[in-house]
Amino acid sequence: MNKEYFAHETAVIDEGCEIGKGTKIWHFSHLMSGCRLGENCNIGQNVVVSPDVVLGKNVKVQNNVSIYTGVICEDDIFLGPSMVFTNVTNPRSNVNRRGQYTKTIVRRGASIGANATIVCGHNIGKFAFIGAGAVVTKEVLPYALVVGNPARQIGWMSEYGHRLEFDENNMAECPESHEKYLLEDGKVRKL
């Protein structure tokens, strides 16, 4: 059978994984049974993708990332080095919570910085930007820029990853794409 994806010889891919065309899986990574990866994903070194995880198209997973059961990443997501998702809100070694995983959805275009932690059950809005080392303990709005522990919103980001500066009419323009954004009722939308 001719594979339509690349897997380094040290990668472990369990039976029952779906892997999209053009995806690359690098050194010492482990894809567990039942996970689904879209086309053109890049799975860095030493990554764990647990059962039933779904990654959309063009998801970039940097080295040392753990993506646990219950996580769904839409298309065009960036997961920075050593960031991690959790999937149980109250883990205990002596209490089996298998099957009680809490879902987390990362919406299209979001970026999560190096060493960030996403506490389960808190969805990340489209094109949101999670700063390095942030600990997300609540929902993140689309286009929001959040940093710190616990993560707090400090601004807004364009789809090209630039901080948006709003004028007196609550309008902003991305300096790279020149796309315009409107801040209205505490939310941002692209015009």
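Return yes or no: is Val146 within 20 Å of Ser66 (Cα to Cα) and of a type in the set (Val, Ile, Thr)?
Numbers: within 20 Å of Ser66 (Cα to Cα): no; of a type in the set (Val, Ile, Thr): yes.
Taking the combined requirement at face value, the residue does not satisfy it.
Taking the listed residues Ser82, Ser33, Ser93, the one that is among the polar types (S, T, N, Q), at pLDDT 95 or above and either touching a Leu at 6+ places or on another chain (Cβ under 8 Å) or over 22 Å from Val147 (Cα atoms) (or both) is Ser33, with no other qualifying.
For every residue, the table says whether it meets (1) among the aliphatic types (A, V, I, L, M); (2) more than 25 Å from Thr89 (Cβ to Cβ).
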{"site": "Asn115", "(1), (2)": "no, no"}
{"site": "Val119", "(1), (2)": "yes, no"}
{"site": "Asn123", "(1), (2)": "no, no"}
{"site": "Phe127", "(1), (2)": "no, yes"}
{"site": "Ala134", "(1), (2)": "yes, no"}
{"site": "Pro150", "(1), (2)": "no, no"}
{"site": "Tyr160", "(1), (2)": "no, yes"}
{"site": "Lys180", "(1), (2)": "no, yes"}
{"site": "Lys190", "(1), (2)": "no, yes"}
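Has segment 131-143 got at least one residue that is under 18 Å from Gly38 (Cβ atoms) and among the hydrophobic types (A, V, I, L, M, F, W, C)? Among the residues of segment 131-143, not one is under 18 Å from Gly38 (Cβ atoms) and among the hydrophobic types (A, V, I, L, M, F, W, C), which makes the answer no.
Of the residues making up segment 67-113, those that are closer than 20 Å to His30 by Cβ and in contact with a Lys or Arg (Cβ under 6 Å, 6 or more places away or on another chain) are Gly70, Val88. Scoring Gly34 on the criteria (1) surrounded by fewer than 20 Cβ atoms within 10 Å (Cβ to Cβ); (2) under 14 Å from the mean Cα position of the chain (by Cα); (3) small (Gly, Ala, Ser) leaves a single failure, condition (2). For segment 87-119, a residue qualifies if it is more than 18 Å from Ala132 (Cβ to Cβ), among the hydrophobic types (A, V, I, L, M, F, W, C) and part of a loop (DSSP other than H, G, I, E, B), and exactly one does: Val88.
May I ask you to verify whether Ile105 is touching a residue at least 24 places away in the same chain (Cβ under 8 Å), closer than 23 Å to Pro51 by Cβ and either out of contact with any strand residue (DSSP E or B) (no Cβ under 9 Å at 6 or more places or on another chain) or in the same structural domain as Val61 (by TED's automatic domain parsing) (or both)?
Numbers: touching a residue at least 24 places away in the same chain (Cβ under 8 Å): yes; closer than 23 Å to Pro51 by Cβ: yes; either out of contact with any strand residue (DSSP E or B) (no Cβ under 9 Å at 6 or more places or on another chain) or in the same structural domain as Val61 (by TED's automatic domain parsing) (or both): yes.
Answer is yes for this residue.
Number of residues in segment 17-31 that are outside any strand (DSSP E or B) and under 20 Å from Lys57 (Cβ atoms) equals 7.
Could you say whether any residue in segment 56-73 is assigned to a loop (DSSP other than H, G, I, E, B) and farther than 26 Å from Ile13 by Cα?
First pass over segment 56-73, keeping only residues assigned to a loop (DSSP other than H, G, I, E, B): 56-59, 62-65, 68-70.
Cutting the leftovers down to farther than 26 Å from Ile13 by Cα gives us none.
No: zero hits.
For segment 96-135, which positions are of a type in the set (A, V, I, L, M) and either touching an Asp or Glu at 6+ places or on another chain (Cβ under 7 Å) or surrounded by fewer than 23 Cβ atoms within 10 Å (Cβ to Cβ) (or both)? Can you show your working first?
So the first thing to find is which residues in segment 96-135 are of a type in the set (A, V, I, L, M), and the list is 105-106, 110, 112, 114, 116, 118-119, 124, 128, 130, 132, 134-135.
The answer is Ile105, Val106, Ala114, Val119, Ala132, Val135.
Filtering segment 122-138 to residues that are more than 10 Å from Ile105 (Cβ to Cβ), in a loop (DSSP other than H, G, I, E, B) and free of Cβ contacts under 8 Å to residues at least 40 places away in the same chain leaves Phe127, Ala128, Gly131, Gly133, Ala134, Thr137, Lys138.
The values are calculated or read from the model by the stated rules, or taken from the named source; none is laboratory data. Keep in mind it's a predicted model, so treat the numbers as computed, not measured. Please note: Cβ atoms are built from the backbone with ideal geometry, for glycine as well, and neighbour counts cover all protein chains shown.
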